[in-house]
Amino acid sequence: MNARNHPLESPGRTTAEWQAADAAHFLHPFTDHRALAGRGTRVIERGEGIHLWDTEGKKILDAMSGLWCVNVGYGRRELIDAATRQLERLPFYNSFFQTTTPPAIELAELLAEVTPPQFEHVFFSSSGSESNDTIVRMVRRYWDLLGQPQRQVIIGRENGYHGSTMAGASLGGMKGMHAQGGLPIPGIEHIGQPYQFEHGRGMDRAEFGRVAAGWLEQKILAIGPDKVAAFIGEPVQGAGGVIVPPETYWPEIQRICDQYGILLVSDEVICGFGRTGHWFGCERFRTRPDLMTFAKGVTSGYVPLGGVMVGERVARVLIEQGGEFAHGYTYSGHPVACAVALANIRLMQREGLVERVREDTGPYLARQFEALEDHPLVGDAETCGLMGALHLLRDKAAGTPFDPALEVGMVCRAHCFGNGLIMRAVGDRMIIAPPLVMTRAQIDEMGALIRRCLDLTLAELRERGWF
Ligand code: PXG
């Protein structure tokens with residue numbers, strides 16, 4: 001079936017026509033276009049709830065929530081109406097020159113309510129990357145104002161992801177990104193990630209958490225504590241493969257930041273707005289960040305919006321001593337984006353989505369994933385709220401990974417695509433972050449699909465003599 005068989009929703013062209021026009025003109029993010037042209041893109045045309053449909057009419061269970069963002073699911077009337085109403089009333093006005101708009105004010109107020117108590121102020125952007133760029137400027141400005149301009153260095157982590165702009169990619173620890181374009185920018189350092197499979201096999205998990213946090217202290221001492229401005233991390237590394245840290249990790253990071261007086265920045269772009277079963281990941285892991293970046297789930301991805309929650313420690317200095325902070329974006333506080341965010345957060349509150357993830361569907365998913373550990377390919381299954389990872393191993397008893405050159409994760413991902421399931425492969429970690437509205441029955445449906453795709457992957461690996 002092609003798109004022309006959908007009279008009501010016809011996007012007007014066949015899949016092949018869409019693919020040809022796409023290949024001719026559209027440069028996609030993080031894409032090898034020569035390889036893509038050979039295969040052709042999938043054209044996603046419609047969404048409802050947790051499902052998508054492509055232009056071939058194929059129904060797909062979206063276990064990645066778009067890109068970690070469509071938390072309330074597709075097609076929610078409240079969000080659509082909020083956008084429509086605001087577009088009709090006032091599609092845009094800026095917040096630069098002593099002006100503002102009602103949706104931006106109301107959203108700032110609501111964010112102060114749903115975030116931890118140290119946050120009373122927000123700076124708006126349109127994406128996670130812009131938010132993390134704001135962090136670099138704001139953190140350095142803060143120390144400048146306090147008469148410590150030498151405090152410039154921000155410490156991030158290897159395999160962390162903080163976006164794709166110059167500052168975002170620099171704060172992140174993706175080697176492949178640093179290799180393109182001379183990154184990181186000056187004044188950014190990295191420590192190892194709290195990934196026990198890579199760095200602490202055989203070690204007690206709690207002990208490993210303390211050891212991994214200790215790398216921060218070692219780095220601070222190596223740089224000189226008076227030169228370090230901040231530490232940034234995702235509560236759970238998302239794009240890095242859903243790396244859930246040991247429970248001992250974050251409290252020790254907090255202790256070290258406190259001891260040396262450096263700012264703690266929690267990148268909540270993925271973990272924020274309910275993903276971990278708490279409103280923010282820092283609440284799940286009991287840290288008290290000075291700054292929090294967010295994007296994605298704030299609007300459930302319906303329109304772009306991001307921002308930085310500014311804790312009172314920083315806000316007081318910026319407001320009372322700072323004069324003008326020479327920073328801002330045309331779309332800071334965009335009224336339509338803010339109106340959608342308001343509708344999204346109120347919907348989450350009304351439906352008790354965060355509590356549902358914490359008390360019901362999160363633990364239910366954890367049991368489903370534990371059950372998948374009996375599969376011959378699954379070495380390790382872990383979840384946190386409604387995100388999870390299955391680590392595919394060549395020999396699970398011995399903990400032996402596959403040769404990375406085989407790209408086993410991509411083999412599995414192809415079977416997922418073929419069977420109407422969107423899962424991401426990060427190396428050989430198969431990851432999910434489904435919409436928070438997912439029900440138990442839908443988790444069962446997803447679990448059965450995952451098992452089928454693992455079976456097909458196993459069969460293919462055996463056929464190729466790789467397993
Ligand atoms: N911080 C975190 C923790 C993120 O996950 C960003 C910042 C940047 O946000 P923007 O809105 O500028 O993209 C992100 C984005 C993946 C993938 O492959 C993950 C992201 C983006 C694209 C792909 O998992 N996260």
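Quick look at the values:
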{"item": "Residue 39 versus residue 419: modelled label distance in nm, points set 7 Å from Cα along the beta carbon direction", "result": "1.8"}
{"item": "Contact order relative to length of the stretch 171-319, as percent, for alpha carbon pairs under 8 angstrom and 6 or more apart", "result": "17"}
{"item": "Among 63, 105, 74 - extreme Cα towards positive end, dipole of the stretch 8-118, charges at beta-carbon", "result": "63"}
{"item": "Cα Rg, Dmax, the stretch 77-351, angstrom units", "result": "18.5, 61"}
{"item": "Cβ-Cβ FRET estimate between residue 395 and residue 25, R0 fixed at 45 Å, reported to 0.05", "result": "0.45"}
{"item": "R0 of 45 Å, Cβ-Cβ distance residue 59-residue 99: FRET efficiency to nearest 0.05", "result": "0.50"}
{"item": "Label-zone membership for the stretch 286-320, site residue 112, 7 angstrom Cα→C-beta point, backbone N under 16 Å", "result": "308-320"}
{"item": "Kirkwood-Stokes translational diffusion coefficient of the chain, alpha-carbon pairs, 20 °C, 1.002 mPa s, µm²/s", "result": "92"}
{"item": "Bridge type composition, the chain - antiparallel percent by DSSP, nearest 5", "result": "65"}
{"item": "Point-to-point label distance, residue 227-residue 46, nm (Cα→Cβ direction, 7 Å offset)", "result": "5.9"}
{"item": "Set of aspartates and glutamates with alpha-carbon distance to residue 396 below 14 Å, sequence-local pairs under 8 removed", "result": "373, 374, 380, 428"}
{"item": "Cα-Cα separations in the stretch 92-246 greater than 21 Å, expressed as whole percent", "result": "56"}
{"item": "Of all DSSP beta bridges in the stretch 77-351, antiparallel share, percent nearest 5", "result": "45"}
{"item": "About the Cα centre, charge dipole magnitude for the stretch 194-306 (Lys/Arg +1, Asp/Glu -1 at Cβ), debye", "result": "140"}
{"item": "Volume per residue of the C-alpha convex hull in the stretch 12-136, rounded to whole Å³", "result": "192"}
{"item": "Accessible area (Å², per residue) of the chain, counting only protein heavy atoms and a probe of 1.4 Å", "result": "43"}
{"item": "Which of 185, 202, 155, positive extreme of dipole for the stretch 151-207 (C-beta unit charges)", "result": "185"}
{"item": "Contact order normalised by residue count of the stretch 77-351, Cα under 8 Å, 6+ apart, percent", "result": "29"}
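The values are calculated or read from the model by the stated rules, or taken from the named source; none is laboratory data. Remember, predicted model here, so these are calculated numbers, not experimental data. We place every Cβ from the backbone using ideal geometry, glycine too, and count neighbours over all the protein chains shown. What goes into the accessible areas is simple: the full protein's heavy atoms, side chains included, and nothing from ligands, DNA or RNA. Shrake-Rupley method; radii C 1.70, N 1.55, O 1.52, S 1.80 Å.
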